[in-house]
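Read-outs throughout are calculated quantities, based only on the coordinates presented, and are distinct from any laboratory measurement. It should be emphasised that the depicted structure is a prediction, and the values quoted were computed from it without experimental measurement. Cβ coordinates were reconstructed from backbone atoms using ideal geometry, including for glycine residues, and neighbour counts include every protein chain displayed.
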């Protein structure tokens with residue numbers, strides 16, 4: 001399909017960007033780049049939802065809309081009904097289907113992670129035994145080939161080797177599916193109501209033959225509940241998903257099952273699977289099936305709505321979002337338009353086909369979340385288990401907050417491109433905290449506090465939203481609540497429940513932290529004392545910036561001072577044995593350092609080593625450099641972080657002493673050179689990662705997408721921007737991948753980026769104009785984000801060792 005004709009405003013913006021680029025004095029532009037490449041007008045044409053479905057990316061290929069509640073995607077099997085081989089139910093190498101589930105979370109790291117609720121399976125054959133008793137998925141599953149699979153934004157199509165097939169599309173809270181069956185064989189649709197990815201406490205199904213309707217629910221939760229480190233802490237229920245499905249024809253047969261018992265002709269069943277693992281859960285659960293006569297018409301249409309509040313809510317969501325006669329094509333067209341509008345907030349020009357595919361798929365993954373949990377009428381399940389309504393001015397309640405991951409890049413991208421969504425998300429998290437006794441959980445799934453990871457990412461997140469201009473939330477109340485959590489000890493902070501990985505305390509052993517000015521490894525009740533100290537320092541520095549913007553100077557000074565407590569876990573005497581000294585190291589309550597020490601050890605850290613965490617001081621890079629012996633020394637050490645001793649790159653992970661692109665603690669590290677006065681090294685390092693770590697195809701992500709975090713890193717890096725630090729709107733500058741880009745701002749002036757010479761060989765900045773004026777700084781102040789403006793680059797094929805190197809102009 002040819003691209004749609006751009007709107008006049010977009011043409012005008014593009015013309016302005018071209019004119020601005022032409023005005024750049026002394027621009028060195030290859031002849032082929034003189035004519036500006038047209039900007040993308042239909043971004044969905046470049047989205048491949050299968051990117052990240054292998055190599056541990058844990059994305060899912062099914063149908064979902066931006067921030068949608070329903071994410072209808074396949075649950076595959078590797079021969080175990082209690083496992084799928086992937087955190088989100090689908091792994092590209094597992095080509096056997098157990099069902100198509102209604103909910104998913106993008107790129108979660110636990111396996112299985114969460115959701116995967118109510119798998120619905122088109123089954124060719126008679127139901128003669130309980131599907132729950134089919135513990136190896138030998139009978140009630142079907143093989144498929146990727147040749148018979150198609151995934152595009154908002155729509156998913158799959159053909160099975162059994163002869164069955166499915167074509168489905170979704171709105172925000174509902175969906176339509178066409179199931180195809182062979183004419184000459186029995187056609188049944190299985191509803192595995194209890195078979196959520198992590199299991200379930202209870203489930204129910206009711207088949208209404210008179211109205212051709214199937215309804216039910218599942219009581220589940222248990223995010224990361226099967227994790228080895230403290231997993232039993234989260235083997236609990238916290239939400240009930242309701243569904244209501246109607247069909248275009250009568251049922252020819254019905255039946256239900258519970259555990260191993262089959263009940264042909266039955267219309268009701270209930271029973272959960274529990275949250276155990278392996279044989280303790282296998283064979284348990286309930287569900288039902290409906291059969292169809294397809295001898296004259298092999299296509300069965302189903303319409304389905306979901307709700308976290310009630311069956312009536314599910315039916316209302318379906319009724320209000322999908323017209324009675326709308327088919328898959330109609331819903332898919334609406335979904336494609338919704339994604340084009342959302343992805344059109346960034347319009348790039350130029351680049352290769354592969355680069356555009358990588359870029360827009362990354363943007364797609366980044367804008368999947370947060371996810372709606374409120375119904376069309378504004379009701380949603382609170383963290384206290386009760387039903388609530390939206391606060392005044394709030395348009396939606398959102399959830400799925402992978403805080404420890406998202407606060408480093410995805411949150412900033414959301415604030416930059418979708419500030420209204422960001423504000424409602426901030427209000428949503430504040431609503432949850434008020435329902436949870438004032439406690440802000442670091443990983444929220446639906447309405448559940450899961451406690452996963454470490455630190456206080458809510459403080460960093462909301463401070464970032466405010467700094468970047470988001471105002472449509474109760475920011476005074478939210479600040480006071482987060483400041484209270486950071487200053488008033490909570491009894492949960494002395495609990496070891498869930499540790500490590502899911503420690504109940506959100507500011508663990510806060511009294512000791514406030515007294516010692518670091519989290520003591522032997523009494524911290526946390527994942528790792530050194531990591532906790534760094535995370536809290538980042539959060540407190542962000543709270544300090546937020547307080548300063550609010551005019552609360554006394555609190556600002558106190559939190560800013562706490563932001564410097566990272567120094568108390570920096571041991572200048574710690575060594576790697578080769579003569580390099582000065583590392584972040586855990587210490588005990590008596591002040592002694594935890595030994596033995598090795599930079600490659602995770603002792604005292606969370607999913608990372610000292611070698612990585614030593615760089616996790618984004619809010620005080622100058623202070624870190626000073627502690628290491630100066631900027632030049634720090635830059636030399638950073639060189640060794642990205643290169644092997646022979647000088648070759650080491651940016652793909654797998655080395656405990658070097659950069660790991662698959663996890664969050666060090667993803668900001670390539671941008672630290674800007675503050676060290678060597679910005680050309682940021683440019684070459686970021687380009688190396690962009691070119692060799694990310695790409696197209698199922699293996700195109702380096703690791704867990706972590707609710708869009710790794711994808712957001714790529715989006716920023718391809719644009720030549722990266723957020724300097726949580727709680728700030730400052731952007732660090734790198735070399736753009738595309739010759740032009742426009743970031744559409746919902747309020748105010750757009751941000752235009754022009755780099756006419758951008759290509760594979762021109763990856764260095766020679767000069768920059770900000771707002772039409774020459775700039776010798778490798779960063780922009782908050783005005784670019786909050787008020788819009790222009791960036792014009794002169795790129796070169798070799799580094800400019802003088803640009804943005806003066807000590808007075810370095811980012812602080």
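State the volume of the convex hull built on the alpha-carbon positions of the range 621-718, expressed per residue in Å³ and rounded to an integer.
106 Å³
What does the C-alpha gyration tensor say about the overall shape of the range 63-338? Classify as rounded when a/c is under 1.5, otherwise prolate if a/b is larger than b/c, or oblate.
Rounded, because the longest to shortest axis ratio a/c is under 1.5.
Taking Cα centroids, how far is the range 331-402 from the range 466-484 in Å?
With the range 331-402 and the range 466-484 each reduced to a Cα centre, they are spaced 22 Å.
According to a simple spin-label model (label point 7 Å from Cα along Cα-to-Cβ), what is the distance in nm between residue 268 and residue 601?
About 6.1 nm, to one decimal.
If the convex hull of the alpha-carbon atoms of the range 357-488 is projected onto planes in all directions, what is the mean projected area in square nanometres?
8.0 nm²
Taking the Cα centre of each part, how many Å lie between the range 146-213 and the range 78-137?
So the separation of the two Cα centres works out to 12 Å.
How would you rank 516-522, 385-391, highest first, on the average number of other Cβ atoms within 10 Å across their residues?
Output ranking for 516-522, 385-391: 516-522, 385-391.
Grab the Cα-Cα distance for residue 161 and residue 248, subtract it from 0.36 nm times how many residues apart they are, and report the gain in nm with one decimal.
Here the answer is 28.8 nm.
May I ask for the Rg/Rh ratio of the range 493-572, computed from Cα atoms with Rh as the Kirkwood radius, given to two decimals?
With Rh from the inverse mean 1/r over Cα pairs, Rg/Rh is 1.02.
Helix 529-549 against the longest principal axis of the chain: what's the angle in degrees, Cα atoms only, rounded to the nearest 10?
The angle comes out near 80 degrees.
For the chain, take the longest principal axis of its alpha carbons; what is the angle in degrees between that and the long axis of helix 353-366, to the nearest 10 within 0 to 90?
Computed tilt is about 80 degrees.
Only bridges whose two residues both fall in the range 676-812 count here: according to DSSP, what percent of them are antiparallel, nearest 5?
Bridges in the range 676-812 that DSSP calls antiparallel: roughly 80 percent.
Can you grab the distance from the C-alpha centre of the range 542-606 to the C-alpha centre of the range 630-658, Å, no decimals?
Rounded to whole Å, the Cα centres lie 21 Å apart.
Suppose each label sits 7 Å from its Cα in the direction of the beta carbon; what would the residue 212-residue 522 distance come out to in nanometres?
It is 7.2 nm.
Mind ranking 283-289, 801-807 by how tightly packed they are, going by the mean number of other C-beta atoms within 10 angstrom, highest first?
283-289, 801-807
Just to confirm the number: angle between the C-alpha axis of helix 709-719 and the first principal axis of the chain, 0 to 90 degrees, nearest 10?
50 degrees
Of the listed peptides 146-154, 102-110, what is their order by residue-averaged count of other C-beta atoms within 10 Å, with the highest listed first?
102-110, 146-154
Roughly speaking, what is the stretch gain from residue 146 to residue 773, that is 0.36 nm per residue apart minus the C-alpha to C-alpha distance, in nm to one decimal?
That pair, residue 146 and residue 773, stretches by 220.6 nm at full extension.
May I have the convex hull volume per residue, in Å³, for the Cα set of the chain?
That works out to 149 Å³ per residue.
Counting only helical runs of four or more DSSP H residues, what would the 222 nm mean residue ellipticity of the chain come to if each run contributes -39,500 (n - 2.57) and the total is spread over all its residues?
That comes out to -7500 deg cm²/dmol.
Compute the FRET efficiency between residue 476 and residue 295 as 1/(1 + (r/R0)^6), taking r as their Cβ-Cβ distance and R0 = 51 Å, and round to the nearest 0.05.
0.15
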